[in-house]
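Okay, so here's the structure we're looking at.
The numbers here are math on the coordinates, done by the rules we state, and not lab data. Given the structure is predicted, the values throughout are model-derived calculations rather than measurements. All Cβ positions, glycine included, derive from the backbone under ideal geometry; neighbour counts span all protein chains shown.
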Amino acid sequence: MALPESGSSRNEKKRRLEEIEISTGNLSPNIDSWAKFLVIEAADNLPIKLNPFAVSKAVSGICGEVKNVTRLRSGSLLVECALRQQSLNLLSISTFANIEVAVSEHRTLNSCRGIVRDRARCLSDMSEEEIATELADQAVTAVKRFTFKKDGVITNTNTYLMTFARTTLPQSIKAGYFHIGVDVYVPNPLRCYKCQRFGHGSKSCRNSVVCHRCGANHESTDCETDLKCANCTGPHVASSKSCPVWQIESQIMKLKCERNIPYLDAKKLLKDQSTTPSTISYSAAVSRPVATSSISCQTDLTWVKSEQPVATIPNSTISKPIPAISQSTSGSQTEIQSETQSQPSGKQPANLGKKEKKKLSKKQPPIVPSPSEVTLHNSFGPLDMEVTLSSQDRRRSSSSSHSRERSPIEPP
């Protein structure tokens, strides 16, 4: 019994086969240039009437398991292949589940277009066919040079529209020794010439005919009615770029091309983004009414819960620093030095210890209470108690008194 191959061995075998095909000239060096999307149509141009199980068995029997199979509106089958060999197997069939079919590459899904700006002007002397021939090994199939007309003279620009035979857009191309960046090409919104709606073409349109000038149900030829847009009812034709619907459709096309997603997914994404508050413009945000609420601040009357009167400081003394807050009682008196006290000319460093701060405070002159101090009245009376000094305190007081009574030393 043979063991199944591992993922690494399968990838190695696939890489070797691709190298052999490149060396023999059967495959371009750009591996991504094969057709991933194929369309299976009936030979009589009728819809393929098969149930999903029959379609899955027929596709698996021809090329194995593919990424996805979708039924188109015309009744044909759109197959997305995962490998190059699957695409080759499907392109070689003529019958599909006993039905005669014709398999072809999808017209737009297998290619992408990008804008190339030749700022160095290294391609200015070459024609479009020469550029496409030289860049064929980089999956470039077509080159279109942009022009502009001024005073009746057509002038070439240095901007090119290049079509790549791959599903993803390359970041840059190599023109000889020059590397030129590739930007995403965003085309104009697709508008139906029959019903004037956006998002589809006239070949697949099932709506009635609408005039692009007046919006009525008749042909647009020889219409002289007043202008009226069929999409927004504005005073302009349906193809005007000032139409709000056209501007929205251009944003959808930009999302579709930049993120490489289907049209319906880009349309849904733009709708979701427009409903979020982050997409509101500045003028719209400013014009919105702002809900306000009253918030009271803590004043000298709101944070005090007791019934005692609060002494307020006059306006004339607010600008002056408050030296101290004293509490006057009949028994004791406490002085608290305020933080806003003016410091002396030599400022104390913040990293001083307690002993050094005490030495500096002794050198400073005593603080005399000014008339502008705030006095808080204590409703309680003095304590009826006697304070007796200990023996150590007595010694200290006596020594300090003796030192004060010493007379200065007379010179000899």
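Overview of values
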quantity	calculated
Too-long pairs where the Cα-Cα distance tops 27 Å, listed order kept, from Lys150/Lys241; Lys36/Lys241; Lys144/Lys228; Lys67/Lys256	Lys36/Lys241; Lys144/Lys228
Kirkwood Rh in Å, taken over all unlike Cα pairs in region 112-184	12.6
Selection of chymotrypsin sites (Phe, Trp or Tyr not before Pro), region 175-271, meeting DSSP coil and at most 13 other Cβ within 10 Å	Tyr177
Where N is the number of residues in region 24-105, Cα Rg divided by 2.2 N^0.38 Å	1.10
